[in-house]
1. Specify, per residue and in Å³, the volume enclosed by the convex hull of the alpha carbon atoms belonging to the range 1-155.
2. How far is helix 29-48 tilted, in degrees, relative to the longest principal axis of the Cα atoms in the chain, given as a value from 0 to 90 rounded to the nearest 10?
3. Which lysines, on any chain, are close to Lys27 with Cα under 26 Å apart, when same-chain ones fewer than 8 places away are left out?
4. Where the convex hull is taken over the Cα atoms of the range 72-135, what is its projected area averaged over directions, in nm²?
5. Mind pulling up the Rg/Rh value for the range 103-219? Radius of gyration and Kirkwood radius, both on Cα.
6. Any chance you could check the Cα centroid distance between the range 62-127 and the range 151-203 for me, in angstrom?
7. Among the lysines, which fall within straight-line cross-link reach of Lys153, defined as a Cα-Cα distance under 17 Å, with same-chain neighbours fewer than 8 residues apart omitted?
8. Report the Stokes-Einstein translational diffusion coefficient (µm² s⁻¹, integer) for the range 27-69, Rh taken as the Kirkwood radius over Cα pairs, at 4 °C with viscosity 1.567 mPa s.
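The values are calculated or read from the model by the stated rules, or taken from the named source; none is laboratory data. Treat the numbers as computed from the prediction; the structure is a model and nothing was measured. Using ideal geometry, Cβ is built from the backbone for each residue, glycine included, and neighbour counts are taken over all protein chains shown. Each accessible area value is taken on the protein alone, full model and side chains, heavy atoms only, with ligands, DNA and RNA left out. Shrake-Rupley method; radii C 1.70, N 1.55, O 1.52, S 1.80 Å.
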Amino acid sequence: MHIHNISEQNSVLNTFLSEIRDIRIQKDRMRFRKNIERIGEILGYEMSKSLCYQKKSIKTPLGNSSINLLTDDLVICSILRAGVPLHNGLLNCFDKAENAFISAYRHHKTNSESFEIIVEYLACPDLENKTLILADPMLATGQSILSTFEALKPYGIPKEVHLVSVIGAQEGINFISKQFNSEAHLWIAAIDKTLNNNGYIIPGIGDAGDLAFGGKLQQ
Ligand code: URA
């Protein structure tokens, strides 16, 4: 798998990352969602450089302008609910993309730190020969993104797979590197060292879904 860690280069991405991490700033939900969306736009822009283009002629009021335009048929798939702001950012880049949504959540077994990933709702177009962009803001263990990818298999074989994430833990990235084929790409804003016993990324940001949309009752 090709791993593109975008914060390795200095850019304004680091400002948005620092704000979603900062315990004082991240509590402002609207700003948190906006920052995740802006990170999605930057990751989408970086990814767009690796896609397929064809020369087109555009008629202006005063002549013709030749320009290379994207030819891939894109499908953006996000994991509910934390994936919604990241999805919006990607869609701001790729506004003609088709969209898929899937709900995957961690079900903690009673009196245990271990959990399984439950996939429930799934709405997806045909994926055959399309470019699949699979977005999961927090790539912790890598189980959610893998379960999602498995659940999408009946919808067709994509031409290319691009995983998009805001923050990942090194062990989750090591895990998915073995699960996805060597041609797949991961576009990620930052890679953190480790996970805690509850599967949260350290230092990470906390719970991305709660920060974006508020807390929830435990199932
Ligand atoms: N999901 C989150 O929201 N945060 C983490 O750190 C890991 C998974």
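1. Normalising the Cα hull of the range 1-155 by residue number yields 170 Å³.
2. Around 50 degrees separate the two axes.
3. Within reach: Lys193, Lys216.
4. 5.0
5. Ratio of gyration radius to Kirkwood radius for the range 103-219: 0.96.
6. Each part reduced to its Cα centre gives a spacing of 14 Å.
7. Within the straight-line cut-off, Lys153 pairs with Lys130.
8. Diffusion coefficient, whole number: 98 µm²/s.
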